[in-house]
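The values are calculated or read from the model by the stated rules, or taken from the named source; none is laboratory data. Note that the structure is a prediction, hence the values are computed from the model and not measured. With ideal geometry, Cβ positions are generated from the backbone for all residues, glycine too; neighbour counts draw on all protein chains shown. Remember, those area values only see protein heavy atoms, side chains included, never the ligands or the DNA or RNA. Shrake-Rupley method; radii C 1.70, N 1.55, O 1.52, S 1.80 Å.
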Amino acid sequence: MKITEVTFLCINVETAEPFNQTISLPGTYKSDEAIEKRGRELLNHDGVRMAALVAKEEKEALYGMPEAEFIAHARVLPARAPKQEN
């Protein structure tokens, strides 16, 4: 799976202190504006505001988890409709 590891400059609006926040976003992005939009969606809360994109790097990552952990965190989905033959 491709991920985009991104570092954002953020501001604590209560203390006016800047800090860097690094997060991993699934997939790749066509533009910095798209990355910034997603960063604002994830980081703008509880007195924190994303100010600027500092760095980005696309990486290949392999994710996994034990089956018991997957079952504990997964939710049951509705059954799929049967496939129709042509």
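For this structure, a couple of remarks:
- Pairing residues of the stretch 25-42 that are basic (Lys, Arg) with residues that are assigned to a loop (DSSP other than H, G, I, E, B), at Cβ distances under 8 Å and at least 6 apart in sequence or on separate chains, gives Arg38/Tyr29.
- Considered as a group, the residues in the stretch 37-56 that are part of a strand (DSSP E or B) and over 21 Å from Lys2 (Cα atoms) include one that is most open to solvent (accessible area, probe 1.4 Å), and that residue is Arg49.
- Test: residue in the stretch 29-36 that is among the hydroxyl-bearing types (Ser, Thr, Tyr), open to solvent by less than 100 Å² (accessible area, probe 1.4 Å) and under 12 Å from the mean Cα position of the chain (by Cα): yes
- Members of the stretch 58-84 found to be part of a strand (DSSP E or B) and open to solvent by less than 100 Å² (accessible area, probe 1.4 Å), listed by number: Lys59
- Summed over the stretch 35-64, the residues that are more than 17 Å from Ile11 (Cα to Cα) and of a type outside the set (Lys, Arg) give a count of 8.
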